[in-house]
Amino acid sequence: MSQASPPPTGAAGRGWSRPVVIGIVLLVTALVIGAPVAAVFVQALSQGVGYALDSLAQPDTRAAIWLSITVAIVVVPINTVFGIAAAWAIAKFRFPGRKLLLAIVELPFSVSPIVAGISYLFVYGGQGLFGPFLEAHDLKIMFALPGIILATTFVTAPFVARELIPLMQLQGNGDEEVAATLGAHGWQTFFRVTLPNIRWGLLYGVVLCNARVLGEFGAVSIVSGNIRGETNTLPLHVELLYHDYNAAGAFAAALVLTLVALLTLFVKTILERVTGSAGALHGS
Amino acid sequence: MGMGGAGALPRRRLSTAGGKGQGRVVPGFRLSLGITLFYAAIIICLPLATLILVGARLGPADYWAVVSSPRALASYRVTLGAAALATMFNTVYGFALAWVLVRYEFPGRRVLDAIVDLPFALPTAVAGVALTAIFAKNGWFGEPLGALGIKVAYTPIGIALAMAFTSLPFIVRTLQPVMEELDGEIEEAARTLGAGTVTIFFRVVLPILVPALLAGVSLAFARCLGEFGAVIFIAGNQPYSTEITALLAFIRIEEYDYPAAAAIATVMLGTAFVLLVVTNAVQALARRHELAP
């Protein structure tokens with residue numbers, strides 16, 4: 001839409017104001033967003049590339065990287081299935097309580113990660129709702145991998161659904177109705193009609209969800225127990241190294257996470273070019 | 001895209017007329033709703049309901065004593081003040097950023113558009129350590145600012161800065177689609193009728209964008225209030241002066257003072273609910289505005 005026609009010359013679109021406005025925005029963006037990213041690179045490589053690689057190879061840092069990857073391997077598929085199911089139910093059907101369900105699905109966006117972590121502690125912690133039961137059966141959820149997975153699942157729950165719902169609403173039910181009329185059964189309709197329609201939006205939702213899973217800090221810092229080399233995810237390890245006055249090590253770990261974030265944005269830009277429409281991916 | 005939306009409208013009406021269950025052609029209603037309800041109950045509702053329950057078990061007197069303690073009140077003041085400052089900054093900057101992205105064609109526009117999402121993609125802890133490094137006493141910006149007598153790191157301004165960083169995309173991404181629909185014709189009409197640039201902006205452009213702007217602002221403000229990872233590195237974390245509410249709740253957990261943590265967390269949850277209701281009301285208003293001819 002925006003590519004086709006030249007930008008209209010509106011109120012602020014003429015004369016001296018145009019380059020000035022663009023210049024100020026670019027300058028502020030460079031200072032506010034560009035500088036922190038540049039700082040991560042500079043600080044991480046301040047002692048040389050070799051030092052950065054060495055600090056990433058430390059056993060505790062390696063363990064943190066693996067833990068974060070493990071969490072992503074579990075959480076991203078769970079939230080992808082949930083996101084598709086929620087978008088399917090909410091975008092393709094009308095039923096009582098639909099708006100309420102949509103609000104609940106998006107609720108984790110509004111809840112502070114700290115509140116999320118504390119809530120999970122009250123469910124699965126020693127003095128929590130299921131605490132006595134879990135203890136009796138020798139199951140450990142808090143301050144262990146399952147707790148980290150649960151809290152991260154909560155915080156990143158809406159990402160896939162949020163990308164898919166506006167996309168599916170925009171596309172309507174026409175294709176699925178035609179498929180059903182032609183005799184396709186449910187899964188055939190999904191895999192051969194719907195999935196190709198939503199694949200780029202889905203992929204972006206998954207990529208963004210993955211970035212947030214790897215980066216989750218607040219909720220995980222409550223439920224992880226911060227056991228060095230065991231329940232420390234990579235963002236928690238950044239904090240630990242930082243407070244150990246190992247700035248170069250902390251920023252080397254931060255650089256890994258920054259590269260994931262930059263890769264995420266790159267994939268997003270590519271996907272927008274493929275779909276040819278920025279609006280479909282913004283989905284607000 | 002506008003055409004597609006118009007085409008989808010009558011179809012949507014048809015399926016509404018279909019009522020509950022009967023006559024549905026599209027398959028998978030029970031399965032998708034079942035998965036969604038199960039997940040929403042276990043992952044989203046159960047923990048939050050448990051938190052409210054734990055908070056309620058405290059009893060009114062104890063609850064009030066925790067949430068109105070001087071340290072808690074100071075933390076609300078710090079959090080709300082910094083969030084307000086961050087949101088004000090982002091309202092102006094985010095508006096200008098969205099305007100530049102929608103209205104102007106220039107080299108690097110696509111890169112700028114991609115960069116807007118960086119605060120979403122970058123882990124908050126990384127943003128926190130990076131901002132602290134820049135604004136610390138010997139940092140890139142901290143040193144010259146310090147020479148001018150301005151301290152950012154370990155002050156409320158630093159807290160506001162971290163909040164502004166993480167919440168910026170909410171305002172830009174809410175404004176962008178609405179600005180794209182504003183095609184300049186109305187402005188040309190106003191100009192033809194003799195209105196000046198300033199008049200056009202405040203009396204023609206801004207009123208159309210206000211609902212979307214408010215929705216973006218309330219989303220960003222809510223995000224600021226809940227932010228933890230980016231803030232704690234740059235905040236200084238001194239009780240009564242640079243301690244945010246999320247950190248106070250975190251500290252109570254570390255001290256095993258679970259009832260106090262629950263009480264403070266319910267205050268945060270309640271605030272989030274209120275803001276959510278406000279955001280939804282504003283967005284409903286925005287949608288009505290969009291549909292108006």
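Rule-based calculations on the coordinates, nothing more; no lab input. What you see is a predicted model, and the numbers here were worked out from it, not measured in a lab. Positions of Cβ are backbone-derived with ideal geometry, glycine not excepted, and every protein chain shown enters the neighbour counts.
Below is a table of values for the structure above.
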quantity	calculated
Rh (Kirkwood; distinct C-alpha pairs) - the stretch B:19-171, Å	20.3 Å
Kirkwood Rh and Cα Rg combined as Rg/Rh, the stretch B:139-224	1.18
Inter-label distance for A:Arg199 and A:Ile69, nm, one decimal - labels placed 7 Å from Cα along Cα-to-Cβ	2.7 nm
Burial order of peptide ranges A:149-162, A:61-74, B:110-123 (average beta-carbon count within 10 Å, highest first)	A:149-162, B:110-123, A:61-74
Cα extents of the stretch A:106-153 along the three principal axes, largest first (Å)	35, 18, 15
Fraction of alpha-carbon pairs over 31 Å apart in chain A - percent	43 percent
Between the stretch A:209-260 and the stretch B:185-202, the Cα center-to-center distance that results, in Å	52 Å
Calculated FRET value between A:Arg62 and B:Val92, using beta carbons and R₀ = 45 Å, to 0.05	0.55
Nearest-0.05 FRET efficiency for A:Ser46 and A:Ala136, computed from C-beta distance (R0 35 Å)	0.10
Pair B:Ala61, B:Cys45: separation of 7 Å Cα→Cβ label points (nm)	3.5 nm
Estimated distance in nm for a label pair at B:Asn280 and B:Arg77, the labels positioned 7 Å out from Cα along Cα-to-Cβ	3.4 nm
Scattering curve values for the stretch B:69-291, log₁₀ I(q)/I(0), Debye with Cα scatterers, q = 0.11, 0.12, 0.16 Å⁻¹	-0.64, -0.74, -1.12
Rounded FRET efficiency, nearest 0.05, which uses the C-beta distance separating B:Thr199 from A:Leu259 and R0 of 41 Å	0.30
Extension gain (nm, one decimal) between A:Arg94 and A:Arg18, 0.36 nm per residue minus Cα-Cα	22.7 nm
Per-residue average of Cβ from other chains inside 10 Å of B:228-235	4
Shielding by partners - mean other protein chain Cβ count within 10 Å, residues of A:211-217	5
Test item: B:94-107 mean partner chain Cβ contacts at 10 Å	5
Helix-only CD estimate at 222 nm, as mean residue ellipticity for chain B, using -39500 (n - 2.57) per DSSP H run (n ≥ 4)	-24000 deg cm²/dmol
Least to most buried among A:His243, A:His237 (fewest other Cβ within 10 Å first)	A:His243, A:His237
Around A:Phe251: net Lys/Arg minus Asp/Glu count, Cβ-Cβ under 15 Å	-3
Sum of side-chain charges, B:Thr79 neighbourhood, beta-carbon under 13 Å (Lys, Arg +1; Asp, Glu -1)	+1
Share of alpha-carbon pairs per 10 Å distance bin for the protein assembly as shown, given as whole %	3, 16, 27, 27, 18, 8, 1, 0
